[in-house]
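Every read-out reported here was derived from the displayed coordinates using simple, explicitly stated rules and does not represent laboratory data. All values reported here derive from a predicted model rather than from experimental measurement. Counting neighbours? That spans all protein chains shown, and the Cβs are built from the backbone with ideal geometry, glycine included.
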Amino acid sequence: MPIGFAIFLNEIKCKWFKNLVQTLTTLPNFISWVLVYSVAFSLFSNSGMVNTLLQNMGLVTDPIRFLDSDAHTWLWMTLWNLWKGLGWGAIMYLAAIAGIDAELYEAARVDGANRFQLMKNITLPALMPTFFVLLMMSVANFLNNGMDQYHVFQNSFNKEHIQVLDLYVYNIGMTGSSLSLATAISMLKSVVSVTLLAVVNLVSKKTRGESII
C-alpha cells in the first residue's frame, strides 16, 4: 500500500493539493493510539456519530456494534493501522522517486509513453531496491508489532482474537502471575527476529546478489 500510494501521490500535478494530501496522511502517524481510540469511540461507539446518523436516516433500528464485537477484529485493526501508517510509510518511497533521473521520463515521453507506462516501466522498477530493503526489515520485525494499538482497542468482547504476541506477553506478565513465562517468550521472540533477518538476508543475497548485513 505505501509504495502504490507514493507512486500515485507523485502523479498529482497540483502542488498544493499534493502537499495537502501528504500532510493529512502523514499526521496520523504522530497521533497516539489513545487519541486514535478516542476518535474511534466518538465515531463508532453505540452512541457515536455513525450509529446516530444511521438511526436518524432509518437505515438501522439498533446500533451496530463496531467496537464491542469480535466480528472481523483483525480487519478493523488492519484498517486502523493502515490509516495511521500509510502516509508515513510512503515517505521513503517519495524520497526514492525524487532521486530518479528526470531524463528517463523525458526519453520515455518522446517515445510515446503515457503516464501509466511511465509508472510501470520507470517509477516502479526504480523503487524496487528500496522496497526490498524495507521488506526484509519488515519480515525480520514481523513479531514486533507492538501492543499499543491492540491494548487500547482490547475489551472483553474481542479479547480472544485481538491478542498479538506483545499484548499476550503484557497480559500474562504485568496483569498475571507468569512473569517468568513472559520473559521467556520475549527472549524467544528476539531469537526468532534475528533468525528471520538472517534468512531473508540470505535469500536476498542468493536471488538478488544484494544483502543488508
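Just the Kirkwood number for segment 88-167, please: inverse of mean 1/r across all distinct Cα pairs, in Å, one decimal. Can you show the working numbers first?
Numbers: mean 1/r = 0.0629 Å⁻¹.
After inverting the mean inverse Cα-Cα distance, the result is 15.9 Å.
Given that compact globular proteins tend to follow 2.2 N^0.38 Å, what is the ratio of the alpha-carbon Rg of segment 1-116 to that value? Intermediate results must be reported in sequence, preceding the final value.
On the way: Rg = 19.8 Å, N = 116, 2.2 N^0.38 = 13.4 Å.
Relative to the rule-of-thumb radius for its length, segment 1-116 sits at 1.48.
What are the radius of gyration and Dmax of segment 171-213, computed over its Cα atoms and given in Å?
Reported Rg and Dmax, both Å: 16.1, 48.
Charges on Cβ only, +1 for Lys and Arg, -1 for Asp and Glu, centred on the Cα centroid of the chain; of Ser180, Pro2, Val152, which one is farthest towards the dipole's positive end?
Value computed over the given set: Pro2.
Using only helices, what value at 222 nm comes out for the chain when you add -39,500 (n - 2.57) per DSSP H run of length 4 or more and divide by the total residues, to the nearest 500 deg cm²/dmol?
Details: 12 runs with 146 residues, N = 213.
So the calculated ellipticity at 222 nm is -21500 deg cm²/dmol.
With a 10 Å radius around each residue's Cβ, average the other Cβ atoms per peptide and rank 1-11, 70-80, highest first. Before the final figure, lay out each step's value.
Values: 1-11: 17.1, 70-80: 13.9.
Peptide ranking by packing, descending: 1-11, 70-80.
With P(r) over Cα pairs in 10 Å bins from 0, in percent defined as stated, name the option among [x] 7, 22, 27, 24, 14, 5, 0; [y] 8, 35, 38, 17, 1; [z] 9, 30, 36, 19, 6, 1, 0 computed from the structure displayed.
Given [x] 7, 22, 27, 24, 14, 5, 0; [y] 8, 35, 38, 17, 1; [z] 9, 30, 36, 19, 6, 1, 0, the structure-derived one carries the label [x].
So what's segment 1-68 giving for Cα Rg divided by 2.2 N^0.38 Å, two decimals?
Details: Rg = 17.0 Å, N = 68, 2.2 N^0.38 = 10.9 Å.
Working it through for segment 1-68, the quotient is 1.55.
How many angstrom separate the Cα center of segment 121-171 from the Cα center of segment 18-87?
With segment 121-171 and segment 18-87 each reduced to a Cα centre, they are spaced 19 Å.
For segment 188-205, what does the Karplus curve 6.51 cos²θ - 1.76 cosθ + 1.60, with θ = phi - 60°, yield as ³J(HN,Hα) per residue in whole Hz, taken in order and with x for Gly and Pro?
Along segment 188-205, the couplings run 5, 4, 5, 5, 4, 5, 5, 5, 4, 4, 5, 5, 5, 5, 5, 4, 5, 5 Hz.
By how many degrees, 0 to 90 and rounded to 10, does the Cα axis of helix 124-140 deviate from the longest principal axis of the chain?
Helix 124-140 sits roughly 30 degrees off the main axis of the chain.
Please name which of Gln55, Leu67, Ser190 has its Cα lying farthest along the dipole of segment 2-207 towards the positive end, using unit charges on Cβ (Lys, Arg +1; Asp, Glu -1) and the Cα centre as origin.
Projecting each Cα onto the dipole axis, the largest value belongs to Ser190.
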